[in-house]
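What follows is a structure written as structure tokens; I'll ask about it next.
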Amino acid sequence: MNPSPNATPARTLTARDGALAGLETPAVVIDRPALEANIALGAAIAHRHKLALRPHIKTHKSPVIAKLQIEAGAAGITASKTDEALVFIEAGIPSITVAYPLIDRAKISRLIRAAKTKGTDLRIVADSAEGIAVLSGEARAQSHRLPVFLKVDVGLHRCGVDPALRGSLDLAAALERAPGLRFAGLLAHAGHAYGAGTPEGVRKIAAEERELLLGFAEKLYQMGIEVREISVGSTPTVILNDDFTGLTEARPGNYVFMDMTQVALGVARPEQVALSVLATVVSRNDRYAIVDAGSKVMSSDRGPHGSDSLRGFDTVFALGEPDAPALGLTRLSEEHGFVEHGGRKLEIGSRVRILPNHACPVANLADRFAVIDAGGGTEYWPIEARGCVR
């Protein structure tokens, strides 16, 4: 499935072309009205289904945006890496889930110390006896009771326990008994929904995720283990799902920006894509217009978790030509992007807006966002957790 090229995304910022014309390129740009509408959408879904919303900040890595999400009703945020989470603890975010199986005691120590100092509600995941033992040892060393989720594999086959195995029930029981820890519940990420291809396929995966988690929770209840929370993630399965019965929390990340992968899946409309890259044509040949945004800005990631619904890397619109069809960014080298122009006259010095297939890596490659408001005003927001990979 490929989205039909259309001019809708180009129109979203056309009224603010003057602000874009003043930016040095390449620039990672946020359309603030679209950003705020996406934040409101996530908050509304959570409110309607009585879910705690803890958005994953790996998409934006910005405490400024996290605080907008909290102001809209989010209960906290989700992070992946230790240093990433520490940025948000320091920024005063009240509740942080590190949804990554930490097994390094030094990293766990830093997190617990920082959370205790700032009064942060810190929650962590585990999916192995080794991870539980390390978490328990450090929690006891710091006289801290740490909430820990058991991560469950619902089909992505990346991390998590298999809910069909007896050993997974035994691991949950071990977590329940571990000194210094509190069994917080079950947590899953149905990232394989990105390969579903259609909204119906995404909904099917969301339903399977829910059934697997509720079935596993029921087995734990029968063992006398209380499952306080059941947390799910992934933007497609949160935005398109219509049945959250029995679930308590949602952790979408990409929804804050959306991207062309979400458009291709039917999760979002093109005008909802809030993040783009502004680039300048610096050279031209008989096939390509060469722009000053290569893989060190755009990322060569074509989409998450095996998504193959889009050709090429990104979707390109010529600035100031809102009615012209979209073009494709079909090749990348480190500092150059290759826009297949098809005979269109993209002159040297002209500018293009590039809508990424996958927005999350783009944010991690920049040090700031250029944020354009409804009136064309520009602010710069630092991406404070970029490059935090430990």
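Does at least one position in region 282-291 carry a residue that is more than 30 Å from residue 85 (Cβ to Cβ), modelled with pLDDT under 95 and either basic (Lys, Arg) or touching a Gly at 6+ places or on another chain (Cβ under 8 Å) (or both)?
no
Being assigned to a loop (DSSP other than H, G, I, E, B) and within 19 Å of the chain's Cα centre (by Cα) is the filter; apply it to region 342-361 and report the residue that is surrounded by the most Cβ atoms within 10 Å (Cβ to Cβ).
For region 342-361, the residue satisfying everything is 357.
Which residues, counting only those in region 231-250, are outside any helix (DSSP H, G or I), farther than 15 Å from residue 204 by Cβ and not aromatic (Phe, Trp, Tyr)?
Residues satisfying the conditions are 231, 233, 245, 246, 247, 248, 249, 250.
Follow-up. Would you point out the residue of region 259-287, among those that are outside any loop (DSSP other than H, G, I, E, B), among the small types (Gly, Ala, Ser) and under 17 Å from the mean Cα position of the chain (by Cα), that is surrounded by the fewest Cβ atoms within 10 Å (Cβ to Cβ)? Full working, then the answer.
So the first thing to find is which residues in region 259-287 are outside any loop (DSSP other than H, G, I, E, B), and the list is 260-265, 270-272, 275-284.
After this cut, where a residue has to be among the small types (Gly, Ala, Ser) as well, the list is 264, 276, 279, 283.
Next cut, under 17 Å from the mean Cα position of the chain (by Cα) only: 264, 276.
Numbers: 264: 21, 276: 30.
Result: 264.
Tally time: how many residues in region 362-390 are in a strand (DSSP E or B) and β-branched (Val, Ile, Thr)? Walk me through it before giving the result.
Quick first cut of region 362-390, residues in a strand (DSSP E or B) only: 368-372, 378-382.
After this cut, where a residue has to be β-branched (Val, Ile, Thr) as well, the list is 371-372, 378.
Residues flagged as in a strand (DSSP E or B) and β-branched (Val, Ile, Thr) within region 362-390 amount to 3.
In region 191-250, what count of residues is obtained for those that are touching a strand residue (DSSP E or B) at 6+ places or on another chain (Cβ under 7 Å) and modelled with pLDDT under 95?
Result for region 191-250: 1.
On to the next question. Go through the residues of region 212-219 one by one and say whether even a single one is outside the structural domain of residue 358 (by TED's automatic domain parsing) and part of a strand (DSSP E or B).
Looking through region 212-219, none of the residues is outside the structural domain of residue 358 (by TED's automatic domain parsing) and part of a strand (DSSP E or B).
Any chance region 236-258 includes a residue that's over 17 Å from the mean Cα position of the chain (by Cα), within 16 Å of residue 42 (Cβ to Cβ) and not assigned by TED's automatic domain parsing to the domain that holds residue 99?
No - not one qualifying residue is present in region 236-258.
Tell me which residues, restricted to region 193-215, are farther than 23 Å from residue 249 by Cβ and not small (Gly, Ala, Ser).
Scanning region 193-215 gives 198, 200.
How do the helices (runs of 4 or more DSSP H) wholly within region 1-97 filter down when requiring 2 or more residues that are among the hydrophobic types (A, V, I, L, M, F, W, C), within 28 Å of residue 115 (Cβ to Cβ) and at pLDDT 95 or above: which remain? If you could, list the steps in order and put the result at the bottom.
Values: elements: 8-11, 17-21, 32-48, 63-71, 82-90.
Correct list: 32-48, 63-71, 82-90.
The values are calculated or read from the model by the stated rules, or taken from the named source; none is laboratory data. Because the structure is a prediction, the values reported are computed rather than measured. Heads up, the Cβs are rebuilt from the backbone with ideal geometry, glycines too, and the neighbour counts pull from every protein chain shown.
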